[in-house]
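The values are calculated or read from the model by the stated rules, or taken from the named source; none is laboratory data. The structure presented is a predicted model; accordingly, all values stated were derived computationally and were not measured. Here the Cβ positions follow ideal geometry from the backbone for every residue, glycine too, while neighbour counts run over all protein chains shown.
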């Protein structure tokens, strides 16, 4: 194969001439016409990006395009296998009786959602996204000292919210977390 770079006009001509062949290649190898069309587009895009490596001779260019298509197809099947494996693992996790249900931790989520926005985001970053307090401060672009004080205040509000007196919960009041609402009203939850 000659590896001299084809001019852009020659590359366009080779892609235009061979695109029906590439589409047919995929139609014989993937289950849906939509996937075949998508893979054809990916192949033509990749070929255009790599056009400097496309041979100038038409037959060699056609074979080179089939090679690009073959690589795109392998990547496609590898992606499907990976997706299927991840889906299987997720299904097994969801079937695990030790996995908490959708309502597990609902009180905590509601309490965090009731916090002032800046405190809630800090709590989520530290406890749900496993960032250190310093990393969360850096991500939020606030000084570490500000993060520490917001975090301390958020913990107090969460503790108060989650340790409501049993009488208030059994009374069925809509105001589930008065300490958080009171803090907002007093301007303490910035």
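Observations on the model:
- Among the residues making up region 128-138, those that are part of a helix (DSSP H, G or I) and modelled with pLDDT of 90 or more are 133, 134, 135, 136, 137, 138.
- Residue within region 77-92 that is on the phi > 0 side of the Ramachandran plot and at pLDDT below 95 present: no
- Meets criteria (modelled with pLDDT of 85 or more and surrounded by 15 or more Cβ atoms within 10 Å (Cβ to Cβ)) for residue 183: no
- Among all residues of region 29-50, there is at least one that is over 16 Å from residue 76 (Cβ atoms) and either assigned to a helix (DSSP H, G or I) or not assigned by TED's automatic domain parsing to the domain that holds residue 81 (or both).
- The one condition from (1) free of Cβ contacts under 8 Å to residues at least 60 places away in the same chain; (2) within 30 Å of residue 32 (Cβ to Cβ); (3) surrounded by fewer than 15 Cβ atoms within 10 Å (Cβ to Cβ) that residue 63 does not meet is (1).
- Qualifying residue in region 107-118 (condition: surrounded by fewer than 17 Cβ atoms within 10 Å (Cβ to Cβ), in a helix (DSSP H, G or I), out of contact with any helix residue (DSSP H, G or I) (no Cβ under 7 Å at 6 or more places or on another chain) and modelled with pLDDT of 90 or more): yes
- For residue 51, the conditions (1) free of Cβ contacts under 8 Å to residues at least 60 places away in the same chain; (2) within 25 Å of the chain's Cα centre (by Cα); (3) surrounded by 11 or more Cβ atoms within 10 Å (Cβ to Cβ) all hold with the exception of (2).
- Exclusive hit being within 22 Å of the chain's Cα centre (by Cα) and over 30 Å from residue 29 (Cβ atoms), set 153, 83, 124, 141: 124
- For the criterion of being in contact (Cβ under 8 Å) with a residue 12 or more places away in the chain and either more than 19 Å from the chain's Cα centre (by Cα) or assigned by TED's automatic domain parsing to the domain that holds residue 30 (or both), residue 77 fails.
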